[in-house]
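The values are calculated or read from the model by the stated rules, or taken from the named source; none is laboratory data. Since we're looking at a predicted model, the values are computed, not measured. Ideal geometry is used to build each Cβ from the backbone, glycine not excepted, and the neighbour counts take in all protein chains shown.
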Amino acid sequence: MATAAKSAAIAELTENFRRSGAAVLTEYRGLTVKQLTQLRTSMRDHATYAVVKNTLTEIAAKEAGVTAFDGQLAGPSAIAFITGDPVEAAKTLRDFAKANPLLVIKSGVLDGKPLTADEIRKLADLESREVLLAKLAGAMQASLAKAVYLFAAPLSKAARTVDALRAQRAESAPAPAAPAAEAVQDEVPQDAVPQDAVPADAVADATPQDSSTDDA
């Protein structure tokens, strides 16, 4: 490859690394052109799958600051440059590798952090961004529906609920103590009745005398 062509290839690879949120290095030894085309088509919504030259890729990765592929660039290599959902891209690679064992997932990089092959498979087991957003939208819709139902409830129902709460509180409140009898009665001052109202001798005069006389 001429020097100008190499420089152009390195520049293109460097730009692919820089504009991709993630990248996965694979080895495709034994796969047919038809199989590679099938994989490339299945990934086009989330990634660009490109066959690369190891020496040029090594230079481009270094220029882009990517170290995840150090020592991994050997054999026939192809890289998935992921610009879409990395979970969906990882799922596509995992599923294709299960159906076509000749595809080997070697390593990857996500937001500048290296990923092993096992970590890429774990990434593929996660729920996609679309699924998470759908779940979030469903939860929000359920909350809004509940709020609308509460606001639309009849006022009389709310009033009955308030009355029931008041009755419940009244039943649970302690009964007031009965007032003492002496507190209800009017107090009569001792000096309200004159001490001489009934003379003592009047009581004595009221005693009947014996009407019989002594015949002696």
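Points to keep in mind about this one:
- Residue 71 being without any contact (Cβ under 8 Å) to a residue 40 or more places away in the chain and within 23 Å of residue 119 (Cα to Cα): yes
- Residues of the stretch 49-93 classified as among the small types (Gly, Ala, Ser) and within 12 Å of residue 24 (Cβ to Cβ), total: 7
- Residues that are modelled with pLDDT of 60 or more, over 17 Å from residue 24 (Cβ atoms) and assigned to a helix (DSSP H, G or I), drawn from the stretch 115-136: 134
- Flag if residue 69 is more than 16 Å from residue 12 (Cβ to Cβ), more than 36 Å from the chain's Cα centre (by Cα) and aromatic (Phe, Trp, Tyr): yes
- When the stretch 36-55 is filtered for residues that are within 21 Å of residue 117 (Cα to Cα) and of a type in the set (S, T, N, Q), the ones remaining, listed by number, are 42, 48, 54.
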